[in-house]
Amino acid sequence: MAEIVLAPLLQVIFDKIADPLLLEFANYWELDDLFNKLQKILPMAQAVIQDAEERQATETAVRVWLSQLKDATCQVEDILEEFTYRKGNKSKPYAMNFSKNRKILDDLHKALVEGLNLPLSERNVVDRKFDDKRETSSFLVGSDVYGREEDKQKIIEMMLLQSSGGGDEGESCCVVSIVGTPGIGKSTLAQMVYNDDEVKKHFNSRTWVFVSPDFQAKRIIKAAIESTTGNKCDLGDLDALQMKLWNSLHEKRFLLVLDDVWNDEDEDEWDKLRFLFSCGLEGSKIMVTTRSQKITMLIGGSPNLEYHLKGLSENDCWSLFKNRAFLNLLEEENHPELVQIGMEIVGKCEGVPLASKVVGGLMRYKKEEMDWLHVQNSNLWDLSVYRKATFPALLLSYLHLPPHLKHCFVFCSVFPKDHEIQRKTIIHMWIAQGFIVSDGESKALEDVGDEYFDELLWLSVFEEIKESDEGGSLTRYKMNATFYSLARFVGRNEIMVLSEMSPGHVRHASVVPKYSNMPMALLIPTTLSECRHLRTLLTFSEGGIPTVPLHIFSRFIFLRTLKLSGCQVELPESIGDLSLLRYLDASHSHFRELPSSISRLRSLQILNLFGCYNLICLPQMDNITGLRHLDICGCEALEEMPVGIRDMVSLQTLPIYIVPMSSHEYWKTRASDPWGKIERGSLYDIQQLDLRGELKIKHLERVREVEKAKAANLAKKARLKSLGLCWGKKGSNFIMNPSFEAMYQDQKLLMPSDQEPESSVTVSDVQLAGEILKALQPHKNLNKFFIVGYPGIKFPLWNLPNLIELSLINCQGCVHLPVLGHLPHLRSLHMESMSKITSIGQEFYGEDVTISFPSLHELFVGDFPSLHEWSSNTDSDVVIFPVLSKLILSKCQNLVSVPLFMMMSLKHLELRECDTEILKCMGGKLPQLSTLVIARFDELICLPENMLRDKRCLERLKISSCPKLESLISEFETSLPLNP
């Protein structure tokens, strides 16, 4: 059976029916009597709902009631959402079905009354009925432990560390935490370590305490006393208990195991145990097994060691399985037909020892091939024996979650198994579903969602998957296989992946095609059309979506979340009928424009158009004032911004902002702004927006007044981490997301043009550009900064202490580089197409610094045709580029040398289209060089004779496009240890 969560949803209903606007609506429709009844009965139901949620697993009547109540509650939430939408619709504010809505409200009231007649009571803690079955001891029962010897040795090494160095003064004990998912074998590993002979010799005293979710310091201390002394303890006073345990462990090197610790919130209870950190001899240890990474952080005050326990290999799982499934080797050999089937079954266990043991035990008494095939083709959760054995451990993890996290947890099962997803996408979907509850401290919903996500991450519900590309590292997440199975089971009456189940109560569905380019009409099962109250529809199609059936928008009118990523056709106008839609993902789609009906989606909070490379315009959006995220990253073909940006006071994501055309161009675009709402040549639209993440402002040449630049208010946008300021088109596309350019090239797509007609730059233009750039000073929190096409002569003196990456591109008017050497965290500097720079020297390194560019690892200097001098600092005591590891010089035809200090730490050097003389200055001066690239040296005949001498670290050498090259130096073959 699926577990039903209602506590957060009832709170949502209670809040909504108290809304003055909805009360006005209720009065109009004479529904105020039902609203009053619900306001009275909902608090009473909320008081007992936790008890019902926990008892549903064993009591049929409670489970049936919760199912009915959940259905009624969701329907009421749908009509209340519709009330809210209609109230704001000036054309048809009260056009609704009176009798139908009254019946829905009345059904909820009846369901609540029915539940209050059940024998339910208020509950504050998780029922301990599961604890007795799960209780562990220090004895390792049985010998079927496989694949844990390496884990055991690593833990023992931690246990035998003599010193607790790094802890607070007076502390002699440190904590070793074994962290892992339910059933992964944490307790078994702790038992193996506890009973190891070397551990027994090392510790004078060993104590084992099973903790469980009911974390009470007095109970733990009493259990430890009884385990240590072997006598029953009748003390009840905390001070007496602490003194008794202190005396038992004092002047001993002790090991205390706290098995199955759940308390990651109550620091006061932990404080009552902190005396243990100083009551034993140096080298004492407390070993904790837990599901939560927060435990280690919460304990604090001592040096803590954490060990993350992973799943078993498939071979070890098989050994565990067959040890249970076959009585002996002879029986295994007598049933070869079952071995292959058994290996397939083991694959379903996902490396979880508990699953392998349970399923193996199930198969011990089944020796018919059909029985094994049945298990192979079944979902393990559908097997009652498996469910009975594994459910208590996993169910406790679920029941222990606070109510607001239960919805978030179960919702994640709407994604296909092992699907990788970004953190912000999950959080945005939670927001769209109304799962994120404001904490009353003026925190943004996204920040609260981040906390929710971290809670689940610390519980190992999510697993991190890190990727790297040209734009840096990217972290994605997928749901842990064990928790995914639990979430699928808990939410199986409401969440559908493909057509696994009857659609009766399905409210969240994801659809995965059997083959690429499958028409969406076939993609969506016919049975799904019966789900009139569907709230989530996610499509996953690698080949894109060739067609979008219109019935989606007519049948699923209660959709909150819709994912149609990869559309190859225009979206229909009927999408505007989804009045409750909050989340729309049309990323990576091919359309050139969105339907104008998008403007009717007044509930929309997230609009994801990431990577829509053909998109040239957005519809008028002044009605969508609640929009929080407009992701147009990669939409480089966009020509202008939609009307209404300035009214989106909650907007936080806006990766691209295009300055509106200046007044003399206004009439050419009047059709897109019929009421003249756009302030031309100004940045006023983003003045009040608390933007976060990334922002690229394009076409700054359209700003003709300094005050209109100041309107951007960038100096107060503390949440912006990456900022691009672009004049003109040239070089502005993809500057902040180079991976998009690679995508265009891979898919042979026509890239949006970044070329523009040559135009003369007047003296007044240069002066104005300088003033405008100064007015656009960013906040000091900025990490990445890109300036493209800036026509001014010099750069402002800004204090950006947190800057990590800086790019200056196509700044053709600049005659001086900015002072950058003082930036403490700058790691990457890219300077390109600056034709008037003739020298690099003191002004670049900075004044009054002892170390210039202390953190710079990568430096690119390209297309500097006038650069002929690169000098050292006049102060010989100043250290410059101490950690520079990568240098690329390109199209610097007049530069013949670089300072010696640049070469000492270099590991990667690329020289492209430069003067051959620069090769001579490099010879013999690159002791750590591992990669050398030489390209496009038209006059290069041979390398300088000391170019490759003593390059013992060199692993890669690439020489290309050097048409006159005749030979390399003679010692190349004998002294160069190149890797093949």
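The values are calculated or read from the model by the stated rules, or taken from the named source; none is laboratory data. Bear in mind the structure is a predicted one, so any value in this text is a computation, not a measurement. Cβ atoms come from the backbone with ideal geometry, glycine included; neighbour counts cover every protein chain shown. What goes into the accessible areas is simple: the full protein's heavy atoms, side chains included, and nothing from ligands, DNA or RNA. Shrake-Rupley method; radii C 1.70, N 1.55, O 1.52, S 1.80 Å.
Quick one: is Leu700 closer than 21 Å to Glu639 by Cβ and either modelled with pLDDT under 90 or open to solvent by 20 Å² or more (accessible area, probe 1.4 Å) (or both)? Before the answer, list the steps.
Values: closer than 21 Å to Glu639 by Cβ: yes; either modelled with pLDDT under 90 or open to solvent by 20 Å² or more (accessible area, probe 1.4 Å) (or both): no.
Judged against the criteria, Leu700 is not a match.
Evaluate the following for Arg86: is it open to solvent by 30 Å² or more (accessible area, probe 1.4 Å), assigned to a helix (DSSP H, G or I) and at pLDDT below 80?
Here the answer is yes, as Arg86 does meet what is asked.
For segment 807-822, which residues satisfy the criterion of being within 17 Å of Phe860 (Cβ to Cβ) and either open to solvent by less than 20 Å² (accessible area, probe 1.4 Å) or hydrophobic (A, V, I, L, M, F, W, C) (or both)?
Result: Ser807, Leu808, Ile809, Cys811, Cys814, Leu817, Pro818, Leu820, Gly821.
Please list, ordered by first then second residue, the pairs with beta carbon atoms under 8 Å, 6 or more apart or interchain, first in segment 398-418 and in a helix (DSSP H, G or I), second of a type in the set (Ser, Thr, Tyr) and open to solvent by 10 Å² or more (accessible area, probe 1.4 Å).
Going by the 8 Å Cβ cut-off, the qualifying pairs are His404/Tyr452; Leu405/Tyr452; Cys408/Tyr452; Cys412/Tyr484; Ser413/Tyr484.
Determine, yes or no, whether Asp196 is at pLDDT below 90 and surrounded by fewer than 19 Cβ atoms within 10 Å (Cβ to Cβ).
In short, no.
Which of (1) open to solvent by less than 30 Å² (accessible area, probe 1.4 Å); (2) at pLDDT 80 or above is the odd one out, the single condition Met736 does not satisfy?
(2)
Just name the residue that is farthest from Asn323 (Cα to Cα) out of those in segment 352-383 that are in a helix (DSSP H, G or I) and acidic (Asp, Glu).
Asp382
What number of residues in segment 296-321 are over 30 Å from Ser172 (Cα atoms) and open to solvent by 60 Å² or more (accessible area, probe 1.4 Å)?
So the answer is 2.
Write out, first by first residue and then by second, each pair whose Cβ atoms fall under 9 Å of each other, whose residues are 6+ apart or on separate chains, and whose first residue, in segment 29-47, is more than 14 Å from Thr73 (Cβ to Cβ) while the second is aromatic (Phe, Trp, Tyr) and open to solvent by 10 Å² or more (accessible area, probe 1.4 Å).
From segment 29-47, the pairs are Trp29/Tyr94; Trp29/Phe98; Glu30/Phe98; Leu31/Phe98; Gln39/Phe14; Pro43/Phe14.
Pull out all pairs, ordered by first then second residue, where Cβ-Cβ is under 7 Å, the residues are six or more apart or on different chains, the first lies in segment 196-219 and is under 12 Å from Leu160 (Cβ atoms), and the second is part of a helix (DSSP H, G or I).
Listed pairs, sorted by first residue: Asp196/Ile156; Glu198/Ile156; Val199/Ile156; Val199/Met159; Val199/Val193.
Of the conditions (1) surrounded by fewer than 18 Cβ atoms within 10 Å (Cβ to Cβ); (2) in a loop (DSSP other than H, G, I, E, B), Cys349 clears all except one; give me its number.
Against the list (1) surrounded by fewer than 18 Cβ atoms within 10 Å (Cβ to Cβ); (2) in a loop (DSSP other than H, G, I, E, B), Cys349 comes up short only on (1).
Output the residue which, of all residues in segment 535-556 that are closer than 15 Å to Leu581 by Cβ and more than 26 Å from the chain's Cα centre (by Cα), is modelled with the highest pLDDT.
The extreme case among them is Phe556.
So, in segment 931-965, exactly how many residues are acidic (Asp, Glu) and within 21 Å of Met903 (Cβ to Cβ)?
The total comes to 3.
Among all residue pairs at least 6 apart or on different chains, which show Cβ distances below 9 Å where the first residue, located in segment 344-360, is among the acidic types (Asp, Glu) and the second is part of a loop (DSSP other than H, G, I, E, B)?
Cβ pairs passing all conditions: Glu350/Gly311; Glu350/Asn480.
It is to be established whether one or more residues within segment 355-365 are surrounded by fewer than 16 Cβ atoms within 10 Å (Cβ to Cβ) and of a type outside the set (Gly, Ala, Ser).
Yes - at least one qualifying residue is present in segment 355-365.
Answer yes if at least one residue in segment 247-259 is on the phi > 0 side of the Ramachandran plot, at pLDDT below 90, open to solvent by 10 Å² or more (accessible area, probe 1.4 Å) and not in a helix (DSSP H, G or I), and no otherwise.
Within segment 247-259 (the criterion being on the phi > 0 side of the Ramachandran plot, at pLDDT below 90, open to solvent by 10 Å² or more (accessible area, probe 1.4 Å) and not in a helix (DSSP H, G or I)), the answer is yes, since at least one residue qualifies.
Give Asp264, Asp239 a once-over and let me know the one that is out of contact with any Gly (no Cβ under 9 Å at 6 or more places or on another chain) and open to solvent by less than 60 Å² (accessible area, probe 1.4 Å).
Asp264
Within segment 599-637, which residues are open to solvent by less than 10 Å² (accessible area, probe 1.4 Å) and either aromatic (Phe, Trp, Tyr) or without any contact (Cβ under 8 Å) to a residue 24 or more places away in the chain (or both)?
Once the filter is applied, which keeps residues that are open to solvent by less than 10 Å² (accessible area, probe 1.4 Å) and either aromatic (Phe, Trp, Tyr) or without any contact (Cβ under 8 Å) to a residue 24 or more places away in the chain (or both), segment 599-637 yields only Leu604.
Looking at segment 699-728 only, could you name the residues that are under 18 Å from Phe785 (Cβ atoms), basic (Lys, Arg) and assigned to a loop (DSSP other than H, G, I, E, B)?
Selection gives Lys717, Arg719.
Identify the single condition in (1) touching a Lys or Arg at 6+ places or on another chain (Cβ under 8 Å); (2) modelled with pLDDT of 75 or more; (3) open to solvent by 10 Å² or more (accessible area, probe 1.4 Å) that Cys74 does not satisfy, given that it satisfies every other one.
Going through the list (1) touching a Lys or Arg at 6+ places or on another chain (Cβ under 8 Å); (2) modelled with pLDDT of 75 or more; (3) open to solvent by 10 Å² or more (accessible area, probe 1.4 Å), Cys74 breaks only (3).
So, in segment 907-959, how many residues would count as being in contact (Cβ under 8 Å) with a residue 40 or more places away in the chain and among the hydrophobic types (A, V, I, L, M, F, W, C)?
Going through segment 907-959 one residue at a time, the tally reaches 1.
Can you tell me which condition Val126 does not meet? The list is (1) modelled with pLDDT of 70 or more; (2) surrounded by 17 or more Cβ atoms within 10 Å (Cβ to Cβ), and all the others hold.
Only one criterion is unmet by Val126, namely (1).
Looking at segment 562-572 only, could you name the residues that are open to solvent by 10 Å² or more (accessible area, probe 1.4 Å) and at pLDDT 90 or above?
Within segment 562-572, just Lys563 meets the criteria.
Tyr146 is checked against (1) open to solvent by less than 60 Å² (accessible area, probe 1.4 Å); (2) modelled with pLDDT of 85 or more and fails just one. What number does that condition carry?
Tyr146 satisfies all of (1) open to solvent by less than 60 Å² (accessible area, probe 1.4 Å); (2) modelled with pLDDT of 85 or more except (1).
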